[in-house]
Amino acid sequence: MPNKISIIGAGNVGATAAQCCLFKNLGSVVLLDAVENVARGKALDLAQAAALHKHRFPVKGTADYADTAGSNVVIITAGRARRPGMTRSDLLNSNASIVKDVTSAVVEHSPDATLIIVTNPLDVMCYVAWKASGLPHHRVVGMSGLLDSSRLRYYIAEATGTAPHTVEGLVLGEHGDSMAVLTRLATVGGVPVTKLLNPEKLAEIRYRTAHGGGEVVDLLGYSAYYAPGIAIAKMTEAILDGSHATYPCSVYLTGQYGVNGIYMCVPARLGAEGAESVIELELTDNEKNQVATTARNIRELLALLPEGNSPA
């Protein structure tokens, strides 16, 4: 039996993730949306591309959660999207309700699935989905750092005149403005970026990385979807293909990085059971303070959740 991937929410992010998963031939795809014709129409459009792109697995659009039964991976993108002037935290209460309901529905039909959460504010929505699912925490992960790190790598490549794929770099913390952007550890072709760019330029890059999503929202009037879609597909691939790839993503922490009891972006090894392990990096005192700050921001948002969702 081929792998089965269900994507909840057929907006720009969900549909692009479906496209990327299909084009990577990761398995069959179910695209679900409350507006059934949107899901069915986008699924049909993707199916009609099969002869051109040679993807070999079927795609179905639906509004019925029964069609998602037996999924190996469920990707949750459903929720309100950011608009200009909005922060991710502005979406908190409405999206918490949506994610809670969606998660309960998908787990009823796919109790063995690993969940990838994309809805914002992402780290908090991971917590909501984990609580609603009843799954072990390692089987709920959030797509955050892979996207943010890709933005960091692009900005470094732009500044150094190199190809983005030759740049390595990562972020820690929340998927939001307080993320810790670790330019100290970034490299270009193995060369530390601190040897190639001055402190002022690196500070600019850190700012643009942390606000990269907002920059797209301001330009388009709605959230990014190409880069998020590709990031979702890469995480899905790591979970399904047994490669045990390590990516920065939002996972539940149990003391790593001095943080306990919340979801936050750290480097994690992904596999069939979701987050198999967390990789701990040696940080400077300043970087440790940044991580503590971003963890505190996540806790403050968690405290604002409606009763029944927030931590005890």
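Values quoted throughout were computed directly from the atomic coordinates according to the rules given, and no laboratory measurement underlies them. Since we're looking at a predicted model, the values are computed, not measured. Here the Cβ is made from the backbone with ideal geometry for all residues, glycine too, and neighbour counts use every protein chain on show.
A compact table of results
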quantity	calculated
Helix 36-47 vs. the chain, principal-axis angle (Cα, 0 to 90°, nearest 10)	80 degrees
Amide H within-cut-off set for LEU170, under 5 Å, with H built and near neighbours excluded	LEU182
CYS265, CYS249 arranged by Cβ crowding within 10 Å, fewest neighbours leading	CYS249, CYS265
Across LYS131/LYS234; LYS4/LYS54; LYS234/LYS288; LYS4/LYS42, pairs whose alpha-carbon gap is larger than 22 Å	LYS131/LYS234; LYS234/LYS288
Assigned charges on the beta-carbon of Lys, Arg, Asp, Glu; the chain dipole about Cα centre (debye)	440 debye
Answer label, with semi-axes √(5λ) of the Cα gyration tensor in Å calculated from the coordinates and candidates [x] 43, 22, 18; [y] 30, 23, 18; [z] 27, 27, 18	[y]
Karplus (6.51, -1.76, 1.60) ³J(HN,Hα), θ = phi - 60°, over segment 57-73, in Hz, Gly and Pro reported as x	9, x, 9, 10, x, 7, 10, 9, 5, 4, 5, 8, 4, x, 5, 7, 10
Separation of the ALA292 and ALA245 label points, Cα + 7 Å toward Cβ, nm	3.5 nm
Top of HIS55, HIS165, HIS244 by mean-square fluctuation, Gaussian network on the chain, Cα under 10 Å	HIS165
Residue range of the chain that is longest and free of GluC sites (Glu not before Pro) which are both DSSP loop and sparsely packed (at most 13 other C-beta within 10 Å)	1-272
Distance between segment 39-109 and segment 155-180 - C-alpha centres, whole angstrom	27 Å
Cβ-derived FRET efficiency at R0 45 Å, LYS201 paired with MET1, nearest 0.05	0.35
Highest-fluctuation residue, LEU170, LEU135, LEU196 considered, GNM on the chain with Cα pairs under 10 Å	LEU196
Helix 145-160 vs. the chain, principal-axis angle (Cα, 0 to 90°, nearest 10)	50 degrees
